[in-house]
1. Output the number of the condition that residue 53 fails; it satisfies all remaining conditions of (1) touching a Ser or Thr at 6+ places or on another chain (Cβ under 9 Å); (2) of a type outside the set (D, E, K, R); (3) surrounded by 18 or more Cβ atoms within 10 Å (Cβ to Cβ); (4) under 25 Å from residue 135 (Cβ atoms).
2. Check off (1) of a type outside the set (A, V, I, L, M, F, W, C); (2) touching a residue at least 40 places away in the same chain (Cβ under 8 Å); (3) part of a strand (DSSP E or B) for residue 164 and give me the number that stays unchecked.
3. Can you tell me which residue in region 13-50 is most open to solvent (accessible area, probe 1.4 Å), limited to those that are among the acidic types (Asp, Glu) and over 19 Å from residue 242 (Cα atoms)?
4. Can you find a residue that is open to solvent by 40 Å² or more (accessible area, probe 1.4 Å) and aliphatic (A, V, I, L, M) anywhere in region 175-191?
5. With the requirement that a residue be within 18 Å of residue 125 (Cβ to Cβ), among the polar types (S, T, N, Q) and crowded, with 19+ Cβ neighbours inside 10 Å, what does region 192-240 give you?
6. Of all the residues that make up region 167-191, how many are part of a strand (DSSP E or B) and farther than 23 Å from residue 124 by Cβ?
7. Do you know which residues across region 151-167 are within 19 Å of residue 115 (Cβ to Cβ) and either aliphatic (A, V, I, L, M) or open to solvent by 10 Å² or more (accessible area, probe 1.4 Å) (or both)?
8. Is it true that residue 219 is among the aromatic types (Phe, Trp, Tyr) and either touching a strand residue (DSSP E or B) at 6+ places or on another chain (Cβ under 8 Å) or closer than 14 Å to residue 159 by Cα (or both)?
Amino acid sequence: METAWYLDILEAEGRSLADAAERAGTDAPVPTCPDWRVRDLLRHTGVVHRWAAGFVADACPTPRPMEEHPGLDGPELVAWYRACHRALLDTLGGAKPDAECWTFLPGAVSGLGFWARRQAHETAVHRYDAEAARGGAPTPVATDFAVDGVDELLRGFHARRRSRVRTEEPRVLRVRATDADAVWTVRLSQEPPVTTRDAAGDAECEVSGPAAALYLALWNRLPLPAVSGDAALAALWRETSAVG
């Protein structure tokens, strides 16, 4: 996908996140993140935006820690988040297309492309959290963006050694979008999951549904949609796949 596509989504998602947070109020609980209130959501996402922008702005080649969360609250915190989001957009939008910096998922074509994609998905998931706190119907996730997000999660986050999704014996889980030409085969073992974009071979369990439902479910925001085969394998995924 083109960086500009991700930036357009990032802009819309960040604005929607801030609007929903403002309407909910910073003390509102976040049902999708039971330990959080809206202030925690804004502080976290704003700091992540600043962290991401810093790698691109400084062409930083190595990892570095995030800054401390601000002590702001109420309208000042919402305004701070909006400023962090705007600064991220300005940094990514003004960077050279071949800008390089540190990234943390396999398969990144460029540093700029990586951070545009990662922040678009980071913001979309947390926009959903903010809208859950606000109440009412959430903004739909576009099918093509949801497919991309499932791919990032399965072939990026869970390809890392820190993934906790492991099985004693080799097992196969399939994930299928019912409204797009997208299917993934996830091979589980005592090593990190290995995911391919295909339907090769037999699977012991299949999770299927519209891409947007899969996207939010695999990020533990919604229940898994349809599950066929060995439901215990889907439950194992649900219990161990949280990304830290």
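1. (4)
2. (3)
3. It comes out as 22.
4. No, there is no match, as no residue in region 175-191 is open to solvent by 40 Å² or more (accessible area, probe 1.4 Å) and aliphatic (A, V, I, L, M).
5. Hits for region 192-240: nothing passes.
6. The number of residues fulfilling the criteria is 7.
7. 151, 153, 155, 157, 159, 160
8. no
The values are calculated or read from the model by the stated rules, or taken from the named source; none is laboratory data. These numbers were taken from a predicted model, which means no experiment stands behind them. Note that each Cβ is placed from the backbone with ideal geometry, even for glycine, and that neighbours are counted across all protein chains shown. In case anyone asks, the SASA skips ligands and DNA or RNA and just uses the protein heavy atoms, side chains included. Shrake-Rupley method; radii C 1.70, N 1.55, O 1.52, S 1.80 Å.
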